[in-house]
Amino acid sequence: MSEIVAGTIGRRIVSGVYEPGQTLPIEPRIQEEFGVSRTAVREAIRLLSAKGLTVSRPKIGTRVRPTSDWNMLDPDVLHWQIDQNPSESFIHSLFEMREIIEPAAAARAAERATRDEIEVLGVAMDGIQNEVRATPEQVKADILFHMTLLEASRNPMLRSVGAMIQSTLEITFSMGWRTVMGDDAIVQHRDVYDAVRERKPDDAFLAMRRLLRNSKGNVFDAIWINRDKAEHSP
């Protein structure tokens with residue numbers, strides 16, 4: 001129950017219902033709204049505080065922290081923001097982060113990947129190309145592709161962001177941001193794979209950057225199409 005309470009309040013915070021500096025409702029009101037115990041409310045607030053969203057002070061209550069204090073890489077915080085019709089600037093920032101991290105990881109993978117990792121990357125590439133598009137099997141292959149590159153970079157700092165990248169990919173798919181993968185995206189994945197397999201770090205860097213920029217364009221196309229449908233629906 002504490003996770004449900006934290007999720008609901010967290011979504012209200014990231015969507016601006018509760019703004020930075022604002023004090024959250026007192027514990028009895030939260031208990032009444034959700035029908036939970038005082039312990040569950042306190043655990044929910046503890047979860048929010050651990051994610052940098054709130055801070056509690058005696059005699060003051062629990063306040064929303066500035067957005068600069070939020071742990072934007074926390075999977076829940078990411079999901080809550082995406083779940084609440086995120087701004088275009090947030091989506092730009094999300095892809096900008098990936099563009100900073102993943103091309104560098106691909107380049108390092110081209111230099112450092114083991115034979116086993118290149119084999120796994122090839123299996124993922126086969127899944128991306130041959131599985132029915134937009135199915136869970138193709139999505140799984142796509143995620144495996146990106147995770148293998150991060151692992152193959154042999155850089156513990158890059159590898160440590162793997163869970164965050166994976167969460168971002170899963171959220172992207174689950175929220176319907178992604179249109180059916182086009183032939184161009186499959187070719188771009190193949191370009192990354194070939195560059196890593198052939199030990200060409202510069203080519204791997206550029207191929208991954210092209211892939212991410214194409215993916216970003218697809219995401220915005222899907223968002224704008226869905227928005228247009230919503231505006232013109234009866």
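In table form, for the structure just shown:
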quantity: Of residues in the range 82-109 being touching a helix residue (DSSP H, G or I) at 6+ places or on another chain (Cβ under 7 Å) and more than 22 Å from residue 147 (Cβ to Cβ), the one surrounded by the fewest Cβ atoms within 10 Å (Cβ to Cβ); calculated: 90
quantity: Total residues in the range 13-30, condition surrounded by fewer than 17 Cβ atoms within 10 Å (Cβ to Cβ) and of a type outside the set (Gly, Ala, Ser); calculated: 10
quantity: Which numbered condition residue 133 misses (of (1) under 22 Å from the mean Cα position of the chain (by Cα); (2) in a helix (DSSP H, G or I)); calculated: (2)
quantity: Residues being of a type in the set (A, V, I, L, M, F, W, C) and buried (at least 18 other Cβ atoms within 10 Å of the Cβ) - total across the range 131-142; calculated: 2
quantity: From 62, 67, 8, 54, residue being buried (at least 20 other Cβ atoms within 10 Å of the Cβ), among the hydroxyl-bearing types (Ser, Thr, Tyr) and within 22 Å of the chain's Cα centre (by Cα); calculated: 54
quantity: Pair list, Cβ under 8 Å, 6 or more apart: the range 6-33 residue closer than 19 Å to residue 86 by Cα, other residue at pLDDT 95 or above and of a type in the set (Ser, Thr, Tyr); calculated: 9/18; 12/18; 13/54
quantity: Only one of 97, 164 that is more than 20 Å from residue 191 (Cα to Cα) and in contact (Cβ under 8 Å) with a residue 24 or more places away in the chain; calculated: 164
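The values are calculated or read from the model by the stated rules, or taken from the named source; none is laboratory data. Just so it is clear, the model here is predicted, and its values are computed rather than measured. For neighbour counting, all protein chains shown are included, and Cβ atoms are generated from backbone atoms with ideal geometry for every residue, glycine included.
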